[in-house]
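The values are calculated or read from the model by the stated rules, or taken from the named source; none is laboratory data. Worth saying up front: this structure is predicted, and the values here are computed from it rather than measured. Note: ideal-geometry Cβ built from the backbone for every residue, glycine included; neighbour counts use all protein chains shown. Please note that ligands, DNA and RNA were not included when accessible areas were found on the heavy atoms of the full protein model with its side chains. Shrake-Rupley method; radii C 1.70, N 1.55, O 1.52, S 1.80 Å.
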Amino acid sequence: MSEADKLAKAARWLAETPRAERGSAAVPALQRRFGLSVAEACQIIRENNLRLARAT
């Protein structure tokens with residue numbers, strides 16, 4: 001799996017998984033599930049937050 005695919009999969013998971021089902025804070029959950037660095041996890045969260053802001 002390429003790096004871009006891994007990040008896309010992580011972004012999709014974050015967007016589709018309710019907070020209560022993640023089991024922990026988003027950064028550790030993304031790191032554990034997808035093997036992301038802290039910077040990559042923060043990038044995914046930032047992009048997700050921007051997407052949510054545009055939707056409202």
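Looking at Ala11, Ala39, which one is surrounded by 10 or more Cβ atoms within 10 Å (Cβ to Cβ) and in a helix (DSSP H, G or I)?
Criteria check complete, one pass: Ala11.
Kindly establish whether Leu52 is part of a helix (DSSP H, G or I), open to solvent by 60 Å² or more (accessible area, probe 1.4 Å) and of a type in the set (A, V, I, L, M, F, W, C).
It is true that Leu52 is part of a helix (DSSP H, G or I), open to solvent by 60 Å² or more (accessible area, probe 1.4 Å) and of a type in the set (A, V, I, L, M, F, W, C).
Starting from residues that are over 20 Å from Asp5 (Cβ atoms) and assigned to a helix (DSSP H, G or I), keep the ones in the stretch 16-25 and report whichever is most open to solvent (accessible area, probe 1.4 Å).
Within the stretch 16-25, the match that is most open to solvent (accessible area, probe 1.4 Å) is Arg19.
Would the stretch 31-52 turn up any residue that is at positive phi, touching a helix residue (DSSP H, G or I) at 6+ places or on another chain (Cβ under 9 Å), of a type outside the set (A, V, I, L, M) and in contact (Cβ under 8 Å) with a residue 24 or more places away in the chain?
There is at least one residue in the stretch 31-52 that is at positive phi, touching a helix residue (DSSP H, G or I) at 6+ places or on another chain (Cβ under 9 Å), of a type outside the set (A, V, I, L, M) and in contact (Cβ under 8 Å) with a residue 24 or more places away in the chain.
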